[in-house]
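In what follows, a single structure is set out as C-alpha cells and then discussed.
Please treat every number below as a calculation from the coordinates, not as lab data. Since we're looking at a predicted model, the values are computed, not measured. Cβ: placed from backbone, ideal geometry, glycine included. Neighbour counts: every protein chain shown.
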Amino acid sequence: QVQLVESGGGLVQAGGSLRLSCAASGRTFSSYYMGWFRQAPGKEREFVAAIRWDGAIRFYADSVKGRFTISRDNAINTGNLQMNTLKPEDTAVYYCAAAKRATNKEYEYDYWGQGTQVTVSS
C-alpha cells in the first residue's frame, strides 16, 4: 500500500516556476514508477511525466518537455516536479501517482494523491 500527498501548488505568473512535491508513505514506494498527471477544468486528466524507481528512466508529455523536470529521492520517499517557464495552459490540478511499470496510461497507476492546484496567470 502506498499513500501519496502532493504539495507546492499555487498561483504564479506566466514565465514563472513552481516546484511540486509528492510525499509517499509505505515501504514499497521505491519499487514503483512515480508519475504526474494534471486535469484542467472541463478536460480529462492527462499524463505529464513519469520516472522509474531508480531515476534511470524519465519520460514526459510533449507539452511539457524541456520545461518540466521530474525527480525523486527514495531515501526520503519524495518525488518532485520542477516546472519552469509556466504557461496559462499549464493551469490544472496536478496529481502524483504510482505504477508498477513505465506507462503514461492513467488506468495503469495503482495509487493516487489528492491533487494540488496550479494556476498560471497571463
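Quick rundown of the values:
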read-out	value
Signed unit charges on C-beta, dipole axis of the chain, positive-most listed residue Ser122, Trp36, Ser71	Ser71
In Hz, Karplus ³J(HN,Hα) per residue of segment 82-93 (6.51, -1.76, 1.60; θ = phi - 60°; x = Gly, Pro)	7, 10, 10, 6, 5, 10, x, 6, 7, 4, 4, 8
Spin-label model distance (nm) - Ser7 vs Ser71, 7 Å beyond Cα toward Cβ	1.7 nm
Amide N proximity, segment 51-79 versus Asp110 label position 7 Å along Cα-to-Cβ, cut-off under 15 Å	53
Charge-dipole axis of the chain as Lys and Arg at +1 and Asp and Glu at -1 on Cβ define it, positive-most pick from Pro88, Val12, Asn104	Asn104
Whole-Å distance, taken between Cα centres, linking segment 60-122 and segment 15-48	3 Å
Percent RCO, i.e. relative contact order, over segment 49-122, from Cα pairs under 8 Å lying at least 6 residues apart	26 percent
In nm, spacing of pseudo-spin labels at Ser122 and Lys43 (7 Å Cα→C-beta vector)	1.4 nm
Cut-off 15 Å between beta-carbons: net charge of the residues surrounding Asp54, Lys and Arg +1, Asp and Glu -1	+4
Rounded to the nearest 20 debye, dipole of segment 1-100 from Cβ charges on Lys, Arg, Asp, Glu	140 debye
